[in-house]
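Below is one structure, written out as structure tokens; comments come after it.
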Amino acid sequence: MSDVVPAAYQRGKRISFTRGDDFTIVRRLPEIPIGQGLSKAWFTSKDDLTVADPGALQKIITPTQGDDGIIFLETEASGKTITVVKFVLSQADTLSFRASENTYFYDMQGLSTAGHIGSLGRGMLEVIEQVTQAS
């Protein structure tokens with residue numbers, strides 16, 4: 001399961017957020033073997049699955065920190081090292097969603113260092129219209 005921090009909340013595979021808020025999606029991936037890490041990951045959202053990429057919003061991250069997030073290794077309390085993907089959605093990103101659409105599909109995919117593409121997670125985004133329009 002993903003962690004959503006701080007301006008959104010998650011129920012199962014559904015992430016709810018308010019337009020205009022910043023939030024981060026963090027996905028811990030213990031199933032990826034060490035030495036076969038990720039070189040790239042995508043977060044893509046669409047209101048219609050037949051729409052070509054990039055859809056409503058697409059974030060691409062690498063092991064180098066960028067505005068869209070980062071892929072990194074984390075050591076758990078047990079001593080096990082796992083791969084983590086962190087996608088950052090800014091205020092401008094969340095304002096690009098139309099609250100009138102309300103629900104979007106999302107998925108996360110990763111490209112392994114061996115050149116294999118695989119799904120890392122999927123679900124629904126629920127967009128809530130903002131009341132206060134802070135800037």
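Once you have the Cα-Cα distance between residue 128 and residue 70, take 0.36 nm times their residue separation minus that, and quote the gain in nm to one decimal.
Details: separation 58, 0.36 × 58 = 20.88 nm, distance 2.64 nm.
Separation in residues times 0.36 nm, less the Cα-Cα distance, equals 18.2 nm.
Can you give me the Rg/Rh ratio for the chain, using Cα atoms for both radii and the Kirkwood formula for Rh? Intermediate results must be reported in sequence, preceding the final value.
Numbers: Rg = 15.0 Å, Rh = 15.4 Å.
Value, to two decimals: 0.98.
Compute the relative contact order of the chain as a whole-number percentage, counting only Cα pairs closer than 8 Å that sit 6 or more residues apart in sequence. Mind dumping the intermediate values first?
Working: 310 pairs, mean separation 41.8, N = 135.
So the answer I get is 31 percent.
For region 15-94, what are the per-bin percents of Cα-Cα distances with bins 5 Å wide, up to the bin holding the maximum?
Histogram of Cα-Cα distances, whole percents per bin: 3, 14, 22, 21, 18, 13, 7, 3, 0.
Summing -39500 (n - 2.57) over the DSSP H runs of n ≥ 4 in the chain and dividing by its residue number, what mean residue ellipticity at 222 nm do you reach, to the nearest 500 deg cm²/dmol?
On the way: 1 runs with 5 residues, N = 135.
The per-residue figure over the chain is -500 deg cm²/dmol.
Counting only residues 5 or more places away or on other chains, whose amide H sits under 5 Å from the amide H of residue 39 once H atoms are built in the peptide plane?
Here the answer is 111, 112, 113, since their amide H atoms fall under 5 Å of that of residue 39.
No value in this document is a laboratory result; all are computed from the given coordinates. The shown structure was predicted, so the numbers you read here are calculated from the model rather than taken from an experiment.
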